[in-house]
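Presented below is the structure to which this report refers.
Bear in mind that the values in this text are calculations on the coordinates, not laboratory data. Owing to the predicted nature of the structure, the values given are computational and were not obtained by experimental measurement. Neighbour counts run over all protein chains shown; Cβ positions are idealised from the backbone, glycine included.
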Amino acid sequence: MRHEHPDFQLTHSLPYGAIVRDRGVQFVVFSRSATEMRLLLYDDPEETEPADVLHFDRESDRWGDIWSMFVPGVGVGQLYHFQASGPYDPSRGLRFDPRARLIDPFAKALTGTFQPATDGIIRPPKCVVVSDFFDWEGDRHLRYDLCESVIYEMHVRGFTRHASSQVAHPGTYLGVIEKIPYLKSLGVTAVELMPVHEFPTNLFDGRPNPRPNYWGYDPLAFFAPHSGYAASATPGAQVTEFKQMVRALHQAGIEVILDVVFNHTCEGNHLGPTLSFKGLENPVYYMLEHDPQYYRNYSGCGNTINGNHPIVRELIFHCLRHWVHNYHVDGFRFDLASILSRDRSGNLVANPPLIEVISEDPLLSDTKIIAEAWDAAGAYQVGSFGTERWAEWNGRFRDDVRRYWRGDTGSRGPFATRLSGSADLYQAGGRPPHASINFVTSHDGYTLNDLVSYREKHNWANGEENRDGENHNLNDNYGQEGPSNNPQIEALRLRQVKNMLATMLVSQGVPMLLMGDEVRRTQSGNNNAYCQDNETSWFDWQLLESNAGLLRFYQGLVQFRRNQPALRRAHFLTGQVDPQTGLADVLWFSPMGTPVNWDKHELALVSLLTPPVEPGEPRVPGRSLMMFFNPDSRPRTFVVPAIANTKRWRLLADTGAESPRDLFPVGEGPALAGSGVLDLVDRGLLIYVSLD
């Protein structure tokens, strides 16, 4: 249908994107250097050519650098692209192509896939005009304090795509809803979803990708939920289904944190395609080299988003608000967040405008904001990223815990520091212990099972001759590479899995579990499964039965953590004596029951932890903990510290015991031996709780 240019003009020039209004839609896009702008309208996702082309009038449809056109007679469901003419001059960073079909940077949904290219013209997915209306049934953000959180990092598709999931809609937002009872049984308070903003799944010429972008860290449209995770193929259905998932998770008491990628896009370097930003205002949206035909590459993916340019900063700011307001998400994890600390020339700056905007925005004030505080160009800001508002993926926790349980010399002191909340990183900056997101594994690297089952990475299936993936993993196979039928090796591996899970859950800070680690999900030694959209990456639900004991162990410790204020302190441990109890909030002992000599090259450790008492406040209900750590490769005898004799103790957890005697209900485990002497297996952990 031909849409005539309207006889009247509405003067709305903001917000950006496709805004549904009475009797039509307002289409708004920024471009400073374009000489012409066109709107391509389609009637069907499979159309290769637009049904109509509307030209923006430079005199009446342009407001400064903003092109705005009201189109009557169209509405929700309308498909569209932008198309811009302008100078193609890479020496000035300008890459206009009048033939390119451009995705709206503010598109709220995409539909279809990349279609076969002809005459060099790439046909990307089409933008969809959507309505923001949804019956939330009174849903609001859950607003848990971060210190109360237990996070579960998961992949929407991988969580239910395996045939064993037995859900009606595998690999989708609706599939996640079907598995909410399982998430609730884990006791987690939040799911952290790997990227759900739209990203390409096939090649730009329409062919299937032999190495599909399974993880999703290759953004195509920041405002749009990924259509590939929708059960329905109806254009825009992903918007409704994503909201249904969030609403259902909230009803179950589970928050939703999004992993967002504001550091690069799938347009790549100077050889990459023109899909959106390149064809609208390349020098604004990307950081360019001194020779502007090339891109700065702090992301390792070919280009870098120019996040601290005012125009791009505004886009990111509106995008975050969009996900919070329209989708009710509870927070964000920022991938390669150190890039957001770089100025427009790529230099790291002390008070980046974008970080300040995110920190101070009133609409985001009760959301969780978490930084991956490094990038691919050498920046490492763990402990110094942003302000008090920011938490961080604590890469040092991951490394120090791995070193300790592997038995590395000199790892005891760093381990105790991580167990205590990483005061060395956060206290001087006025940040609390829950600024530390404590994890041992994440999507990027080995699963926990593989961390203790492989000494070498096995990434051959990725098609990069095993060159990809991290080489420094602090891992071990304990005698045999890969799966083992040796009962001694298998028992040791299981202990190590329990040791590291338990360490996360008794440490100050916020624990984060990788999907499937609670049942020993394996990737067969692949530590970079970004392109493995298959059983390598999918959650095998049969593991719930074969690893039921480990699952019970994890569930029980999560529940214990959530009931014990001593493990969720708002302030750092001091070691100072509490006059009400005569005990310090934390005390450290050697295996002989004497105070620790931190300079001694020894690994075994005893920690005595008491519930917090805030000045002027009554004692918080809770139990004291006494933990015995033996990461040595030989059994060890421990002497119970004399000060512990003032309390009665019961065993809570024993990682060296078989299920169900590896975890007891609080107060129901065996009493602490009257002899005051304990024997720990090699690489074992005992946790006792007080009865009074």
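Taking 32 Å as the limit for the C-alpha separation, the pairs K126/K184; K108/K368; K368/K647; K368/K498; K457/K600; K179/K498 exceed it in the case of K126/K184; K368/K647; K457/K600. Here segment 308-353 and segment 521-565 have alpha carbon centers that stand 31 Å from each other. Distance between the 7 Å Cα→Cβ label points at E490 and H601: 3.7 nm.
Once backbone amide H atoms are built at 1.01 Å from N, L203 has N209 as its partners under 5 Å, excluding neighbours fewer than 5 places away on the same chain.
Compare the peptides 193-201, 359-367, 31-39, 310-318 by average per-residue count of other Cβ atoms within 10 angstrom and give them in order, highest first. Please report the intermediate quantities before stating the final value.
On the way: 193-201: 23.2, 359-367: 13.6, 31-39: 19.7, 310-318: 17.6.
Ranking the peptides 193-201, 359-367, 31-39, 310-318 by packing returns 193-201, 31-39, 310-318, 359-367.
Semi-axes of the equivalent ellipsoid of segment 395-515: what are they in whole Å, largest first, if each equals the square root of 5 times a C-alpha gyration tensor eigenvalue?
On the way: eigenvalues 149, 60, 30 Å².
Equivalent ellipsoid semi-axes, largest first: 27, 17, 12 Å.
Going from the alpha-carbon gyration tensor of segment 491-536, what semi-axes, largest first and in whole Å, does one get by taking the root of 5 times each eigenvalue? Write down the numbers at each step before the final one.
On the way: eigenvalues 109, 42, 12 Å².
Ellipsoid semi-axes (Å, largest first): 23, 14, 8.
Summing +1 for each Lys or Arg and -1 for each Asp or Glu among the other residues whose beta-carbon sits under 12 angstrom from that of R313 gives -3. Assign one of three labels to segment 439-505, namely rounded, prolate or oblate, based on the Cα gyration tensor with a ≥ b ≥ c the square roots of its eigenvalues; rounded applies when a/c is under 1.5, prolate when it is not and a/b is larger than b/c, and oblate otherwise. It is oblate, given that a/c is not under 1.5 and a/b is not larger than b/c. When the alpha carbon gyration tensor of segment 426-470 is reduced to an equivalent ellipsoid, the three semi-axes, largest first, read 33, 13, 8 Å.
Is the shape of segment 539-616 rounded, prolate or oblate, going by the alpha carbon gyration tensor and its root eigenvalues a ≥ b ≥ c, with a/c under 1.5 for rounded and a/b larger than b/c for prolate? Please report the intermediate quantities before stating the final value.
On the way: a/c = 3.41, a/b = 1.58, b/c = 2.17.
Taking the square roots of the gyration eigenvalues as a ≥ b ≥ c, segment 539-616 is oblate.
Just to be sure I follow: if Rg is taken over the C-alpha atoms of segment 125-185 and Rh is the Kirkwood radius over the same atoms, what is Rg/Rh?
Values: Rg = 15.3 Å, Rh = 14.5 Å.
Over the Cα atoms of segment 125-185, Rg/Rh equals 1.06.
Screening the chain for whole DSSP H helices of 15 Å or more along their axis (Cα) with average Kyte-Doolittle hydropathy at least -0.5 returns 237-251, 310-327, 487-506, 548-562. Relative intensity of segment 69-196 on a log10 scale, I(q)/I(0) at q = 0.12 Å⁻¹, equals -0.78, per a Debye sum over C-alpha point scatterers of equal strength in the absence of solvent.
Each peptide in 289-301, 202-214, 371-383 was scored by the mean count of other Cβ atoms within 10 Å over its residues; highest first, the order is 371-383, 289-301, 202-214.
Is segment 495-572 best put as rounded, prolate or oblate by its Cα gyration tensor, with a ≥ b ≥ c the root eigenvalues, rounded for a/c under 1.5, and otherwise prolate when a/b is larger than b/c, oblate when not?
On the way: a/c = 2.81, a/b = 1.79, b/c = 1.57.
It comes out prolate by the Cα gyration axes.
Ranked highest first by the average count of other Cβ atoms within 10 Å around their residues, in what order do 69-78, 511-520 fall? Write down the numbers at each step before the final one.
Numbers: 69-78: 18.8, 511-520: 24.0.
Put in order of decreasing packing, that is 511-520, 69-78.
Counting only DSSP beta bridges with both residues in the chain, what percent are antiparallel, rounded to the nearest 5? Counting only bridges with both partners in the chain, antiparallel ones make up about 75 percent.
Quick one: of the DSSP bridges fully inside segment 109-249, what percent are antiparallel, nearest 5? If you can, show how the numbers build up before the last one.
Values: 7 of 11 bridges.
Bridges in segment 109-249 that DSSP calls antiparallel: roughly 65 percent.
Histogrammed with a bin width of 5 Å, the alpha carbon distances of segment 339-422 distribute as 3, 13, 20, 18, 15, 13, 9, 6, 2, 0 percent, first bin at zero.
The label point for E59 and the one for T387, both projected 7 Å from the Cα toward the Cβ, are 4.8 nm apart.
Kirkwood radius and radius of gyration were both taken over the C-alpha atoms of segment 63-119, and their ratio Rg/Rh is 1.01.
With N as its number of residues, segment 569-692 has a Cα radius of gyration that, divided by 2.2 N^0.38 Å, comes to 1.07. The calculated Kirkwood hydrodynamic radius for segment 169-252 is 13.9 Å, given to one decimal from all distinct C-alpha pairs. The calculated P(r) of the chain, using every Cα pair and 10 Å bins from 0, goes 3, 15, 24, 24, 17, 10, 5, 2, 0, 0 in percent.
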